[in-house]
Amino acid sequence: METAVSIIIPVKEKNPHLAECLIHCRNLDYSNFEIIVVPDYQTDLDGVVTIPSGEVGPSEKRDLALESAQGDIIAFLDDDTYPPTSWLKNALKPFADQEVAAVGGPAITPPADSFWQQASGLVFSSVLASGNVTYRYVSKAKREVDDYPSCNLLVRKSILKKIGGFDNRYWPGEDTYLCLRIIKDLEKKIIYTPEAAVYHHRRSLFRPHLRQVWSYAVHRGYFMKKFPENSFRFAYFVPTLFVALVVIGGIASAFNSTWRFFYLTGLTAYLIIVLLASLKAKKPAIILAVALGIVSTHIIYGIGLIKGLIIPKLKEERQS
C-alpha cells in the first residue's frame, strides 16, 4: 500500500506558475496523495484543498496546512516549482530507513525559462556562486545534508509534530531552522537524492536575482550568530572576503605600485576564472550574462552577509 502524502503549497494568490504546478502534481505517477494550497484568501481550485490564511508568511501557511494534512509524509513545494511524474515515487525511497526524517532534491531550472532566468539558474549552479551546495540546483550524488530549502522538501508528519512545525519568526531561513531541529534536537537524518528533482522557475538577472541573493545573505549572516551549527561555515564568508580584498586592495594600490601590480594581477585572474566557469553556458550572449551575474552575486552576497552579522535583529523576527 502506498504511503499517504500531503503536498503543501503556500501562495499569496492564484497565478500561472501555481496552475502549472498543479497540473504536474495531478499527473504524478502516484495515487495516495492530496494537494493543499494555502492562499491569502479563499480561492477556488478544482480537486485541491484550499485553506485561506490571511496575509501571513510561507512558514505560517505551511504550519496551518499541517493541522489538517492527512498524509504520513508532508511534501513541501513552492508555487513556482513543478514536479516530474516520478517525483513522489523517487522521493519516498529514502524513507525506508526509519532514521531518515526528511528528503530533498535538486530544484532545476526549467528549459522553457527565459534567457535571463536561464542565466540566473546558471549562476546558482556554478561552484563559484554556490560553493559546495550546487547540488541544490543540479543533480549530484546522493548524500546526507544538514540544511535544505523548503521549495522541494519532504518531511515525516510525525517529525513535524514533534518539533512544532516551522518556526514562524523567520523567512527566508525558516527551513534552515527546521533542519537544525531535525538533526540536533531529534538526531535524525536529512537525505538529498537527485531522484527527487523538481523544476524551479528562477528570478531574472539582474535586479530580481540580486534581491533574492541579498535576502539570502542577510539571513545567513544573522543565522551564523543565531544558529551556528548549520550556518557558520567558511564558505559563506568567501564573498565577503572578496569584497574586502577588492576595496582594501584598490585603496592600497592607489598609493603603492607594487600593491597595484598584485592587485590588478589578482583581479585579472579572478575575472578569467569567472569567465572560464561561465563557458558551460555555451552561447556567447549568455556566457557574458552569467559572468556578470557571478561577479554581482559575489558582491551583493558579500555585503549582505556583513549586514546580517552586525544587525541585532531581523525585521521579520518576532518574539516567540
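Quick note: the coordinates plus some simple rules give every number you see, no bench work behind them. In this text, all values refer to a predicted model and were calculated from it rather than measured experimentally. For neighbour counting, all protein chains shown are included, and Cβ atoms are generated from backbone atoms with ideal geometry for every residue, glycine included.
Summary of computed values
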| item | result |
| --- | --- |
| Local electrostatic count, Phe95, Cβ distance below 15 Å [Lys/Arg +1, Asp/Glu -1] | +1 |
| Rounded to whole Å, sorted largest first: equivalent-ellipsoid semi-axes of region 257-313, Cα gyration tensor | 26, 21, 6 |
| Candidates Gly293, Gly54, Gly121: whichever shows maximal mean-square fluctuation once the chain is modelled as a Gaussian network with Cα springs under 10 Å | Gly54 |
| Net charge contributed by nearby residues that have their C-beta within less than 12 Å of Ser86 (K/R +1, D/E -1) | 0 |
| Span-like helix ranges in the chain, DSSP H, alpha carbon extent 24 angstrom or more, Kyte mean at least -0.5 | 234-253, 257-278, 284-310 |
| Share of pairwise Cα separations in region 217-310, more than 20 Å, in percent | 49 |
| Amide proton proximity set for Ile108, modelled H, under 5 Å, gap of 5+ | Val198, Tyr199, His200 |
| Residues Trp214, Trp87, sorted so that the one with the fewest Cβ neighbours within 10 Å comes first | Trp214, Trp87 |
| Vicinal HN-Hα couplings computed from phi for region 81-89 (Karplus, 6.51 cos²θ - 1.76 cosθ + 1.60; Hz; Gly/Pro x) | 10, 8, x, x, 4, 8, 3, 5, 4 |
| Solvent-free Debye scattering, log10 I(q)/I(0), computed from the Cα coordinates of region 5-204 at q = 0.15 Å⁻¹ | -0.90 |
| Of Lys189/Lys225; Lys280/Lys313; Lys161/Lys313; Lys184/Lys280; Lys189/Lys226, those spanning more than 30 Å from alpha-carbon to alpha-carbon | Lys280/Lys313; Lys184/Lys280 |
| Karplus-derived HN-Hα couplings along region 46-57 (A = 6.51, B = -1.76, C = 1.60, θ = phi - 60°), whole Hz, x at Gly and Pro | 5, x, 10, 7, 10, 10, x, 10, x, 7, 10, x |
